[in-house]
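The values are calculated or read from the model by the stated rules, or taken from the named source; none is laboratory data. Given the structure is predicted, the values throughout are model-derived calculations rather than measurements. Cβ sites come from the backbone with ideal geometry, for glycine too, and all protein chains shown count toward neighbours.
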Amino acid sequence: MKNIALITGGESSEWKIALEGAELVEKSLDPSKYNVYKIVLHDGHWRYTDDEGNVSELDRNDFTLTVKGVKIRPDYALILIHGTPGEDGRLQGYLDMMHVPYSSCGFVSSVLTFDKSACKHALYGTGINLAREIVLNRHDRPDPEQIAATLGLPLFVKPNASGSSFGVTKVKRTEELLPAIEEAFKESDRVLIEEYIAGREISCGVMIAGGKEYIFPITELISENEFFDYDAKYKGLAKEVTPAQLAPELVKKINRMTLDAYKALNCRGVVRIDFIVKGEDPYLIEINSIPGMSAHSIIPQQARQIGMSVSELYDIIIEDTYQCAK
């Protein structure tokens with residue numbers, strides 16, 4: 001049996017969302033195959049709590065836990081953290097140094113997929129449609145009139161490195177730009193301003209494991225709000241339709257772009273890629289290298305549509321990424 005460190009929580013605004021997904025994954029993992037140690041990483045601590053409520057701090061010097069006097073070194077890390085340090089490559093870099101195989105994209109791929117602007121630049125020349133953008137650093141002095149003239153209104157202001165739509169604003173008037181930029185800087189050191197593309201919001205899961213390509217059924221996200229924001233994602237203010245009602249040729253186009261992006265960024269494990277579809281043209285919006293795994297999350301929905309349970313999904317991921325690390 002493998003000793004699995006299920007690392008969850010994190011240091012971003014999304015840490016509680018990660019805990020919800022970790023609860024489902026922990027229950028789904030086959031106890032005949034894995035001993036699971038759920039480690040909550042938050043506020044500088046890496047804590048494991050056993051069935052009796054005893055708390056152990058992971059020793060980061062050698063990646064070990066001492067549980068009831070017994071020292072345990074997990075064989076494998078299953079990462080379920082949204083935002084830093086799980087999606088931005090920091091945790092992957094540490095695990096690489098500790099020679100511990102893990103479930104997600106590697107260090108470089110994680111850095112690229114988490115940085116929205118860098119991700120888009122890495123995809124230039126692949127034939128994938130991308131929204132026009134302006135990137136701001138903290139020392140920049142943005143000119144709202146110039147930004148509006150360049151990208152048009154409405155437009156989106158986003159943290160360049162964040163998730164769950166924290167700090168994202170749809171800006172309709174020039175005077176709203178500076179407050180939106182300030183809000184985005186609360187979540188990230190750089191801000192991405194993108195042109196608004198009117199269309200259908202869709203999401204497609206993808207994974208390559210054991211030499212096999214898995215492209216999950218597409219989900220359409222129909223929000224009651226202006227866009228698929230935090231409330232739409234987590235407070236039931238959106239309808240998620242899986243599989244999305246799309247023309248077969250459009251499905252093929254989205255599937256091709258999804259797979260092309262996964263390969264171009266050298267992704268690993270299961271990844272979710274979000275698009276806006278304008279007419280017959282999909283525009284890639286972002287790549288989620290560690291997608292949500294709570295009961296209402298998109299990847300579990302898509303997996304169920306092809307008859308795959310969360311347990312089976314992680315069996316495939318663990319087997320593939322564990323073998324690849326050897």
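Things to note:
- Residue that is nearest to ASN255 (Cα to Cα) [pool: residues in region 176-216 that are assigned to a loop (DSSP other than H, G, I, E, B) and touching a Gly at 6+ places or on another chain (Cβ under 8 Å)]: PHE216
Let's see how each residue does on (1) part of a loop (DSSP other than H, G, I, E, B); (2) surrounded by fewer than 21 Cβ atoms within 10 Å (Cβ to Cβ); (3) in contact with a Phe, Trp or Tyr (Cβ under 6 Å, 6 or more places away or on another chain); (4) of a type in the set (D, E, K, R):
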| residue | (1), (2), (3), (4) |
| --- | --- |
| ALA5 | no, no, yes, no |
| THR8 | no, no, no, no |
| GLU11 | yes, yes, no, yes |
| LEU19 | no, yes, no, no |
| LEU24 | no, yes, no, no |
| ASP30 | yes, yes, no, yes |
| ASN35 | no, yes, no, no |
| ILE39 | no, no, yes, no |
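- For region 118-166, filtering for residues that are touching an Asp or Glu at 6+ places or on another chain (Cβ under 8 Å) and of a type in the set (Ser, Thr, Tyr) leaves 4.
- Residue check, ALA232 modelled with pLDDT under 90 and not in a loop (DSSP other than H, G, I, E, B): yes
- For region 43-64, filtering for residues that are buried (at least 17 other Cβ atoms within 10 Å of the Cβ) and part of a strand (DSSP E or B) leaves 3.
- Scope region 98-136; condition among the β-branched types (Val, Ile, Thr) and either within 10 Å of LEU265 (Cα to Cα) or out of contact with any Phe, Trp or Tyr (no Cβ under 9 Å at 6 or more places or on another chain) (or both); matching residues: VAL108, VAL111, THR113, THR126, ILE134, VAL135
- Meets criteria (touching a residue at least 24 places away in the same chain (Cβ under 8 Å) and either under 21 Å from the mean Cα position of the chain (by Cα) or assigned by TED's automatic domain parsing to the domain that holds HIS139 (or both)) for GLU182: no
- Taken over region 1-47, the criterion of being touching a helix residue (DSSP H, G or I) at 6+ places or on another chain (Cβ under 7 Å) and among the basic types (Lys, Arg) is satisfied by LYS38 alone.
- Strands (runs of 3 or more DSSP E) (entirely within region 66-143) containing at least 1 residues that are surrounded by fewer than 18 Cβ atoms within 10 Å (Cβ to Cβ) and free of Cβ contacts under 8 Å to residues at least 24 places away in the same chain: 70-72
- Region 160-175: number of residues that are assigned to a loop (DSSP other than H, G, I, E, B) and not small (Gly, Ala, Ser): 5
- The condition (being touching a Ser or Thr at 6+ places or on another chain (Cβ under 7 Å) and either among the basic types (Lys, Arg) or under 17 Å from GLY83 (Cα atoms) (or both)) is satisfied by just one residue among SER289, SER297: SER289.
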